[in-house]
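Novice: Before I ask anything, here is the structure I am working with.
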Amino acid sequence: MSFMKEVLNHNIPIWDKCADTPFVREMQNGSLSLERFKNFMIQDSIYLKHYARAYGKAIYHAETLKDIQLYYSALNFITLPESSIRLSYLKQFGITDDDIETISPLPENQNYINFLFEIAEHGDEHSILMSVLPCMLSYNHSHTA
């Protein structure tokens, strides 16, 4: 078994616990209120801006073109398809990216942003990648209990 597969399998109970929250269950079954979804999209927008900046730091510290391309590819996903979907929802709420710039992150969001920047500040591109990896992997987590 590969290292990543072993790590992921070992942590499935944690992923499942994270996915088994009222917010996620309500989103899955369509009962999440529009206001809660709007607030999520706002906070996600704030988070994604800083998430992209962490990738920028990894690109800056990368020593090989191959690594730069890896981080750039991931950054493109964040800034292109992810952003177009996010911006579409925000537009429905009458909110722009400029509006998002004036909104403060919730404490939980700020804590994770602080964590990303603390790791990024050290300049170790591999540590930066590991700090952003859980978000990326969560898109592919499909295990159901």
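The values are calculated or read from the model by the stated rules, or taken from the named source; none is laboratory data. Predicted model only: the values in this text are computed from it and were never measured. Virtual Cβ from ideal backbone geometry, glycine too; neighbours counted across all protein chains shown. Remember, those area values only see protein heavy atoms, side chains included, never the ligands or the DNA or RNA. Shrake-Rupley method; radii C 1.70, N 1.55, O 1.52, S 1.80 Å.
Novice: Once phi is turned into ³J(HN,Hα) by the Karplus curve 6.51 cos²θ - 1.76 cosθ + 1.60 with θ = phi - 60°, what whole-Hz value does each residue of the stretch 54-71 show in order, with x for glycine and proline?
Specialist: Values, residue by residue: 5, 5, x, 5, 5, 4, 4, 8, 4, 9, 10, 4, 4, 5, 4, 5, 4, 5 Hz.
Novice: On the first, second and third principal axes, largest extent first, how far apart are the outermost C-alpha atoms of the chain in Å?
Specialist: Projected onto the principal axes, the Cα atoms of the chain cover 44, 40, 27 Å.
Novice: Something else now. Considering only protein heavy atoms and a probe of 1.4 Å, how much of the accessible area of the chain is carbon and sulfur, as a whole percent? Can you show the working numbers first?
Specialist: Working: 5760 of 9660 Å².
The computed percentage sits at 60.
Novice: Turning to a different aspect of this structure: Go through Cys135, Cys18 and list them by solvent-accessible area, largest first, probe radius 1.4 Å.
Specialist: Numbers: Cys135 25, Cys18 85 Å².
I get Cys18, Cys135, largest accessible area first.
Novice: Something else about it: With a 1.4 Å probe and every protein chain left in place, work out the accessible area per residue of the stretch 1-86 in Å², rounded to a whole number. Could you put the intermediate results ahead of the total?
Specialist: Values: 5640 Å² over 86 residues.
Accessible area per residue, the stretch 1-86: 66 Å².
Novice: Right, next: What distance in nm separates the two pseudo spin-label positions at His126 and Phe93, each 7 Å out from Cα along the beta-carbon direction?
Specialist: A separation of 3.9 nm, rounded to one decimal place.
Novice: Follow-up question, since we're still on this one. Strictly greater than 17 Å: what percent of every Cα pair in the stretch 39-90 meets that? Mind showing how you got there, number by number?
Specialist: Numbers: 501 of 1326 pairs.
In whole percent, the long-distance tail amounts to 38.
Novice: Give the lysines reachable from Lys17 as a straight Cα distance under 24 Å; neighbours fewer than 8 places away on the same chain don't count.
Specialist: The reachable lysines, counting only those whose Cα sits under 24 Å from Lys17, are Lys5, Lys38.
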